[in-house]
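Peer 1: Below you will find the structure I want to go over with you.
The values are calculated or read from the model by the stated rules, or taken from the named source; none is laboratory data. Being a predicted model, the structure only gives us computed values, none of them experimental. With ideal geometry, Cβ positions are generated from the backbone for all residues, glycine too; neighbour counts draw on all protein chains shown. These area figures cover heavy atoms from the full protein model, side chains too; ligands, DNA and RNA do not enter into them. Shrake-Rupley method; radii C 1.70, N 1.55, O 1.52, S 1.80 Å.
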Amino acid sequence: RDEREDANMKYSMAKDSVAVNKTLAGKDKPWTPDSEASEFIRQQQMVVLGIGPPQGSGNREGGEAGRSYSSVWAVLTSTNLLMYNCPPTKCKQINTDTDNTGCKYPNKGVPSWWMDIRTVEVGTMTEYPKKMFVDAVDCTFPYLPAFKVCMKLSGLVGESKEKVSTELCDEDADFLTQLRSDIEQAFLSAHDIRGSMISQKVQDAVDRIEHREFGSNIGHVGESTEVTPDSMAPLLCMNTLAQQRKSVFENAFGRSLNKKSDAAHMDARMRFTEGQAVPFSPGKNSRSKAKFFFSSDSSMIIKMIRKEEYDNLWRLVSDCSYSQRLTEDGQWTSSLLNPILLAFIDAGQYWIVMRSEFVPSMIADKLPPKGSKWRRDFHKDIKPGNMVSDRKELTRTVMLQRMLTGLQMNRAFDGIMARLETDVDYLASKKLMDYSLLVYGSIIELDHDDPASQAFFAPSLPAMPRDSPYSNGAIPAMQKLALQQIVRLAPQCGMECSARPRMLVDITKKLQQTGESHYYWSGKSYRCCCLKLKPGDSALVRSPCALVQLSAEGKTDCGGLLGSRFHAYQRSSVGGRCLIEWDQWPDIASLDLTFLSGRTVFEHSVSLNSHEQLTLQQKKIASRVESCALVCISVADYLLQDSTWKTMENIAMIPIYGGLKWSDYDVRTVRLLRCLVGGQPPTHPQSEDKKRPGLLKLFLPQKKPHPLLPNELTWNDCTNEFPEVRVLDDMKVVKQLVQIKL
């Protein structure tokens, strides 16, 4: 035990244990799950909580009930934390903690499980009042397995990449402290981050800002300078600070910074020092491959940026225009710019701290439970044109909802559109471009099979029985209405709901599959003819098909009966199913056309098959599709400035982006959001539809012409923003309008 403590003491004297170990000669390369190069750092017998194959029968004395501990051999490398069931053999060095020369590990070096060091999060340490022992089975360890101190640990485990939480335990608190330091340093190295841990970087940056604010060198802080500082709190106006500091020192009243924005950088310090930063991958949309880390509570995010972006931020901060735009003195509640709370330079790398963009908690608390199948969350990064973003995916989702229920968000977004226009004008005045719109929120859809969903969308409160706890008048608010009222309080969010009746009956199984006649009724023959939908027709369609009585003139094909856009229901081009409206259509005497309603087929089917009796609600078709869209907007990544080089790149990239990707960036960004909230489906009639307008209106009632609402745009206005609507999309929409299947 003394030898181990002595080795640990010598090892802790190294300034950078990872770098030192990488330079030591004679070490064996540790195992890695792939061909990635890895360097040995340290190893030790330890006790682990509840993960991997159990090696002990539990705690022999003093253990916690229900918590199973086992003895393992832990090996820390530059890429992984490896766990073996048994210690290595044939090690050449007496002190194996920091030197694995000659060590032969069990199972040909393959550990029983391992954690990717890039994902490891180290938590708090707990010291128990007395030492606890663990049984060691199958293996002989150098020391009797025991522990007194445990350290929480989590990360992605093995090939499955499943996130697992556990505890690493030992008798010696100093050893765990050293291991923690080594793990943290390996974590940084794996992410190519220089210097200290994220928490220490943030702490040091805030300390420098606080020292400059209230130190003796008052004049330097408030003076205009072209030298970019190594740390800054962008929401603080430097000129205002100079006056505040002067008042502080002259009157000795202490600190006068009492606004929320004044303390934003200190809030960042608190968030990042209360736990380890968690790595985050921005996905395919990040061209810069910047490093991102969440604070331990996920409320803030720290990002590594380029030097030019840091310099551009200082230009915004130094003239106070940034703080005036985003703080209480300016337009704190109106700007959509995601505020930067802290910026600093550390070890030659540039960092900014921002708030994480999530639905505000006051709104999230009113949403349906997370995980509900009728709630779909989204968080998208969109940009105009063909730039890499989630634009196509998000706009397709929105358009499908608009085609299904007629969902419009114009009114809810009038204020947001005005804020965005003001924000992009400010960015354009600073020659900033290439920013993103972060669009996040939830789509909530009525699910007739889910009581909770039915309650959420209930149009009115149910009658309360006398024994109800709400019979005294304290009735609960309607959930949908309550959510809409809360959303109105969030300036960056909007919410709209819309509904559409479900009036279709699927009679496919009641039809004959061959022959000219598909259905017989009262001695008459009928054929199911379906309209070949063009893109966007599902937004207006009343019924895609109809049962048409065969003509006495001998016309039996759908084209002859109704026109060139109609075909027999079996064709895949019209969906392969016969979906007709519940209500009876009027005969068209001028065209000698008689139709059969879905209700008639239903009642005939029920009279023949009693087991097909449906509920009263279904008989009345008292059903609808309904959805609500909660959408929040913010502007992020706005620190790229136009320059001569960017102008040259703008021109050079025309073949890739199909145009000048950064030209008129502010105007195109506003248009993108306008299309998202108010772009209409392609619903213009085709030329052949004009030949029989009265007939076509039975299938596709046209909207009456009306002046466009504010922020409402036609399909032609948004063809560059929306992906092409496919006929397959229309067929999916129509299927959701079916209420009864016979």
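Peer 1: Report the FRET efficiency, 1/(1 + (r/R0)^6), for Leu728 and Ser165, where r is their Cβ-Cβ distance and R0 is 41 Å, rounded to 0.05. Don't skip to the answer; put the middle values down first.
Peer 2: Values: r = 43 Å, r/R0 = 1.06.
Step by step, r from the Cβ atoms, then E = 0.40.
Peer 1: For the pair Arg488 and Thr647, what calculated FRET efficiency results from E = 1/(1 + (r/R0)^6), where r is the Cβ-Cβ distance and R0 = 60 Å, to the nearest 0.05? All intermediate terms of the calculation are to be shown ahead of the outcome.
Peer 2: Numbers: r = 43 Å, r/R0 = 0.71.
Step by step, r from the Cβ atoms, then E = 0.90.
Peer 1: Same structure again: May I ask you to evaluate 6.51 cos²θ - 1.76 cosθ + 1.60, the Karplus curve with θ = phi - 60°, for each residue of region 43-49 and list the ³J(HN,Hα) values in order in whole Hz, giving x for glycine and proline?
Peer 2: Working through the residues one at a time gives 8, 5, 5, 9, 10, 10, 9 Hz.
Peer 1: Report the local net charge at Ala173: Lys and Arg +1, Asp and Glu -1, summed over other residues whose C-beta lies under 10 Å from its C-beta. Present the calculation step by step, with values, prior to reporting the outcome.
Peer 2: Details: positive: Lys148; negative: Glu127, Asp170, Glu171, Asp172, Asp174.
Value of the local net charge: -4.
Peer 1: Turning to a different aspect of this structure: Measuring from label point to label point, each 7 Å out along Cα→Cβ, what is the Asp664 to Ser525 span in nm?
Peer 2: So the label points at Asp664 and Ser525 sit 5.9 nm apart.
Peer 1: Can you work out ³J(HN,Hα) from phi for every residue in region 432-438, in order, using Karplus 6.51 cos²θ - 1.76 cosθ + 1.60 and θ = phi - 60°, giving whole Hz and x for Gly and Pro?
Peer 2: 9, 7, 6, 7, 10, 9, 8
Peer 1: To the nearest 0.05, how large is the calculated FRET efficiency for Lys704 and Leu591 if R₀ is 25 Å and r is the Cβ-Cβ distance?
Peer 2: Numbers: r = 24 Å, r/R0 = 0.97.
With R0 = 25 Å, the Cβ-Cβ based efficiency is 0.55.
Peer 1: Mind checking region 85-117 for trypsin sites (Lys or Arg not before Pro) that DSSP puts in a loop (not H, G, I, E or B) and that have at most 13 other Cβ atoms within 10 Å?
Peer 2: Passing sites in region 85-117 are Lys90, Lys92.
Peer 1: Mind listing the phi-derived Karplus ³J(HN,Hα) values for region 155-165, rounded to whole Hz, using 6.51, -1.76 and 1.60 with θ = phi - 60°, and x for any glycine or proline?
Peer 2: Karplus-based 3J(HN,Hα) across region 155-165 equals x, 7, 10, x, 6, 6, 6, 7, 7, 10, 10 Hz.
Peer 1: At most 13 other Cβ atoms within 10 Å and a DSSP loop assignment: could you name the trypsin sites (Lys or Arg not before Pro) in region 633-742 that fit? Show your work: numbers first, answer last.
Peer 2: Values: sites: Lys646, Lys661, Arg668, Arg671, Arg674, Lys690, Lys691, Lys697, Lys703, Arg726, Lys732, Lys735, Lys741; in loops: Lys661, Lys703, Arg726.
Taking region 633-742 and a limit of 13 other Cβ atoms within 10 Å, the loop trypsin sites (Lys or Arg not before Pro) found are Lys703, Arg726.
Peer 1: Check which residues have an amide H placed less than 5 Å from Asp390's amide H, if you skip close sequence neighbours.
Peer 2: Result for Asp390 returns Asp381, Ile382, Lys383.
Peer 1: When the Cα centres of region 691-742 and region 142-169 are compared, how far apart do they sit, in Å?
Peer 2: Rounded to whole Å, the Cα centres lie 57 Å apart.
Peer 1: Next question. For region 138-199, build the convex hull from the C-alpha positions and give me its volume per residue in Å³. Each step should come with its number before you reach the end.
Peer 2: Numbers: hull volume 8.8 nm³, N = 62.
Convex hull volume per residue, Cα atoms: 142 Å³.
Peer 1: Between beta-carbons, use under 13 Å as the cut-off and find the net charge around Val202, counting Lys and Arg +1, Asp and Glu -1.
Peer 2: Neighbourhood net charge equals -1.
Peer 1: Residues with beta-carbon under 15 Å from that of Glu712, excluding Glu712: net charge, scoring Lys, Arg +1 and Asp, Glu -1? Display every interim value, and only then the final one.
Peer 2: On the way: positive: Arg402, Arg411, Arg671, Arg674, Lys703, Lys704; negative: Asp414, Glu496, Asp717, Glu721.
Local charge sum for Glu712: +2.
Peer 1: Also, quick follow-up: Hey, can you grab everything whose amide H is under 5 Å from the amide H of Leu640? Only 5+ residues off in sequence or another chain; H modelled, so Pro and N-termini drop out.
Peer 2: Met433
Peer 1: Here is a follow-up. With a point put 7 Å past each Cα toward its Cβ, work out how far Met125 is from Lys370 in nm, to one decimal.
Peer 2: The answer from the label model is 3.1 nm.
Peer 1: Can you give the log10 of the normalised intensity I(q)/I(0) at q = 0.14 Å⁻¹, computed with Debye over equal Cα scatterers of region 326-428?
Peer 2: Per q value, in the given order, log10 I(q)/I(0) is -0.87.
Peer 1: Students often get this wrong, so check it: of Lys392/Lys703; Lys383/Lys704; Lys383/Lys431; Lys152/Lys370; Lys29/Lys92; Lys431/Lys661, which have C-alpha atoms separated by over 25 Å?
Peer 2: Working: Lys392/Lys703 27 Å; Lys383/Lys704 33 Å; Lys383/Lys431 17 Å; Lys152/Lys370 27 Å; Lys29/Lys92 15 Å; Lys431/Lys661 15 Å.
Where the Cα-Cα span goes over 25 Å, the pairs concerned are Lys392/Lys703; Lys383/Lys704; Lys152/Lys370.
Peer 1: State the percentage of accessible surface on region 345-394 attributable to carbon and sulfur atoms; use a 1.4 Å probe and exclude ligands, DNA and RNA.
Peer 2: On the way: 1240 of 2400 Å².
For region 345-394, the apolar C and S fraction of the accessible surface comes to 52 percent.
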